[in-house]
Amino acid sequence: MTLDLLRRGLKMSHLRLLSELSNQSRLTDAAIALGMTQPAASRLIAEVERIAEAEIYVRSGRGIELTDVGRKLAERCVRILQEFADAGRDIDEHKSGQSGHVTIGSVTGPAIEYVLPALRHIRLSYPDISISVEVGPSNTLAPMLEDGRLDFSFSRVPSELDPSLFEEKPLLREPALMVGRIEHPLTRSQFPLELEAFLGFDWVLPPVGSPIRATAEQALRDKGLALPSRVLTTSSFLFTLATVQQTNAVAPVARSVANSFAARPDGSPGTVTILECSVSLSVQTYSFLMRKGQVLTPAAQIVAREVLRAVTGQERYP
């Protein structure tokens, strides 16, 4: 029979403490964060262990470490409390009409190609909705989505995370292009360039395992070529762009990014050059992601609908 934690006495105070312990290594620090004494926190933990019929933590050095049961329970508590917070936002937004705050996560390509244009429309049609956008790699965005710092994201589920934690709507593959500085030496060669031509230059790549790096490396392997011997690794797109602009380094970037920086709105040359390659680079599919079981607030539903309309042409969010 399934253990009924509520009937056995699990309370909101237990949820809050377990949620806090997911970020703290000392029970005293968790107690202080919640405005309670350490003995009171110890009593609550003892109650949770009685209710769960399992050990929640073990002593580790000068602090504590959650057991597997404790860690799973704490993760659930974080999500439950986030749902309560979302419910409060939901009520406030229903009272005030089409208003509220929405936080979006996105990898770089869809952020520039779809999120940005959709936000222009949202700002005109729904001026009372405020929006924050977190642009970064999927392995940064996924934990933010999991613990409620994002309402939804346009990204991928990292291999190290359990896909069952998320609701996923696969969208599009992300085309990539090679770029270099204006008047890069390769611009004097005939396009399209063979991949081998790029190996004579430094490469700027995101960390090992990132989708765009994995795509570029696999393209080289498929051609029987060695991986670049001179690589500058950075997770910063701005640093990538600056390095490409000021040196002879080359870099694979999302097509939308390359097009944005290779030409200005008036058609004049931009700050980088697209180095047309004979091999098409296509990064693995990104998805519309939410937390498992999550219900978007009214404002988040509006923003999700508008961005998804830009991506797919569909009217409804999942």
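Every number here is computed from the coordinates shown, using simple stated rules; none is lab data. In this text the structure is predicted, and so the values were computed from the model without any measurement. For neighbour counting, all protein chains shown are included, and Cβ atoms are generated from backbone atoms with ideal geometry for every residue, glycine included.
Numerical summary
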| quantity | calculated |
| --- | --- |
| Net dipole in debye of segment 12-77 [+1 Lys, Arg Cβ; -1 Asp, Glu Cβ; about Cα centre; nearest 20] | 120 |
| Mean separation of Cα contacts under 8 Å (6+ apart) over length of segment 85-172, as relative contact order % | 33 |
| Residues Ser25 and Ser282, FRET efficiency given R0 of 45 Å [Cβ-Cβ distance, rounded to 0.05] | 0.60 |
| Under 26 Å between alpha carbons - lysine pairs in the chain that sit 8 or more apart or on different chains | 5 |
| Antiparallel %, DSSP beta bridges [both residues in the chain], to 5 | 60 |
| Rounded Å value of the spacing that divides the Cα centres of segment 25-90 and segment 143-162 | 22 |
| Sequence of Phe198, Phe191, Phe261, Phe152 once ranked by neighbouring C-beta atoms within 10 Å, starting from the fewest | Phe191, Phe261, Phe198, Phe152 |
| The chain - percent relative contact order, Cα under 8 Å, separation 6 or more | 21 |
| Sequence-separation-based contact order of segment 12-77, relative, with Cα cut under 8 Å and 6+ spacing, percent | 37 |
| Relative exposure of His121, His14, judged by other C-beta atoms within 10 Å (fewest first) | His121, His14 |
| Between helix 237-246 and the chain: long-axis angle, C-alpha atoms, 0 to 90°, nearest 10 | 20 |
| Among (1) 69, 41, 38; (2) 59, 44, 43; (3) 74, 50, 36, the entry that matches Cα extents along the principal axes in Å as calculated here | (3) |
| Efficiency of FRET between Glu183 and His101 - r from beta-carbon atoms, R0 51 angstrom, step 0.05 | 0.70 |
| Nearest-0.05 FRET efficiency for Arg71 and Phe239, computed from C-beta distance (R0 35 Å) | 0.50 |
| Rounded to 5, the percent of DSSP beta bridges in segment 174-283 classed as antiparallel | 70 |
| Distance in nm between pseudo-label sites at Arg221 and Leu6 (7 Å out along the Cβ direction from Cα) | 4.9 |
| Principal-axis tilt of helix 298-312 within the chain, Cα atoms, nearest 10 degrees | 30 |
